[in-house]
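Written below as structure tokens is the structure these notes are about.
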Amino acid sequence: MGIRIKATGTSRGGSTNSIVEHSGHAARISLERAGIGPEQVGVLINAGVFRDSNTVEPAVSALIQKAAGIGLDYHSKDDPRTFSFDLMNGAVGVLNAVQVATATLAAGGVEHVLIVSGDTHPSLERFAADDEFPYATAGAALLLERTDDHEGFGPVHTATGPGGPAGEAYVDTATMGTVGRSLMTIERVPDFTDRLLEVAVQAAQAALAGQDLSGIALIASTPSPEFPKLLADALGIDQDSVRTPDLSDGDPHTAALPLAYDRAVAGDTLGGFSQVLFVAAGAGPSAAAVLYRLAA
């Protein structure tokens, strides 16, 4: 038995900067591509961090669930229910969600788990990254299911680095005044990229143990445009094997991995590879890595 990606969905641009709307739209697209109904989603996990107006309550997963039209109709006690929750661990959150989804699907009782991710500036007034807020607005979805085939995710490996955080995000309560719901302060240490790269290499090497690198494509976080190729060099993976999301608006942060996978599948650029190595690294510094075996 394996846990595979049944379908993906993405959403960016358009007339909104709401991550609730983008994530809900991406979720709907993934269901349409998979040809399943919303009642077949047993669990929805939101891995996004930066949300509309710095929303704290309710859980943003519930808002995305509503926007996606999943689990809204309860006419009798036998109607299917969808459980949703937020799982926030920065850029690493999507692979943490894969861990939870894998265990949930392996235990049985649900047909599909839907992972959504994405970030936006809390003011909802910008969509592209800049020096003050280095994240682009985008939503993405991964719809997972069990399969009896050989494809799917292997174990997720994690790593953490010593010392304090490489980056921090917070609302400065001393200066926010009455506009705290539209502000976010981002701070990064000077060696931010190097510290993330170090833990990313550790997690990736654990996932790659004993593997032939020639058949592996690499999809990694994009805290900087060159980060995936720096990681490829450190691991001994050919740079031509790196697949990235569209970075024209900047780093899509928690949505980077699913956006890159969706783009690779849409462009049919995974032919000739047997596996994809997903690596996420965040400001902890922490990282996670997992091998995904592609269909033969």
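Some values worked out for this structure:
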read-out	value
In segment 70-87, the residues that are modelled with pLDDT of 95 or more and either in a loop (DSSP other than H, G, I, E, B) or not assigned by TED's automatic domain parsing to the domain that holds Val41 (or both)	Leu87
Failed item in (1) part of a strand (DSSP E or B); (2) free of Cβ contacts under 8 Å to residues at least 24 places away in the same chain, with Asp172 passing the rest	(1)
Extreme residue, surrounded by the fewest Cβ atoms within 10 Å (Cβ to Cβ), among residues of segment 102-127 that are assigned to a loop (DSSP other than H, G, I, E, B) and within 18 Å of the chain's Cα centre (by Cα)	Phe127
Residue among Gly236, Gly250, Gly215, Gly271 that alone is farther than 22 Å from Ala97 by Cβ, out of contact with any Ser or Thr (no Cβ under 8 Å at 6 or more places or on another chain), in contact (Cβ under 8 Å) with a residue 60 or more places away in the chain and outside the structural domain of Gly139 (by TED's automatic domain parsing)	Gly250
Flag for Ala26 being surrounded by fewer than 21 Cβ atoms within 10 Å (Cβ to Cβ), in a helix (DSSP H, G or I) and either outside the structural domain of Thr222 (by TED's automatic domain parsing) or polar (S, T, N, Q) (or both)	no
Subset of segment 253-267 [free of Cβ contacts under 8 Å to residues at least 40 places away in the same chain and within 16 Å of Arg4 (Cα to Cα)]	none
Residue within segment 126-149 that is of a type in the set (Val, Ile, Thr) and out of contact with any Lys or Arg (no Cβ under 8 Å at 6 or more places or on another chain) present	no
Segment 92-101 - residue that is of a type outside the set (A, V, I, L, M) and out of contact with any Gly (no Cβ under 8 Å at 6 or more places or on another chain) and, of those, surrounded by the most Cβ atoms within 10 Å (Cβ to Cβ)	Asn96
Test for Arg263: is it over 12 Å from Ala140 (Cβ atoms), surrounded by fewer than 24 Cβ atoms within 10 Å (Cβ to Cβ) and among the basic types (Lys, Arg)	no
All helices (runs of 4 or more DSSP H) inside segment 182-296 with 2 or more residues being of a type in the set (D, E, K, R) and under 27 Å from Phe133 (Cβ atoms)	192-208, 256-266
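The values are calculated or read from the model by the stated rules, or taken from the named source; none is laboratory data. Nothing here was measured: the structure is a model prediction, and the numbers come from that model. Every residue, glycine as well, gets a Cβ built from its backbone with ideal geometry; the counts of neighbours run over all protein chains shown.
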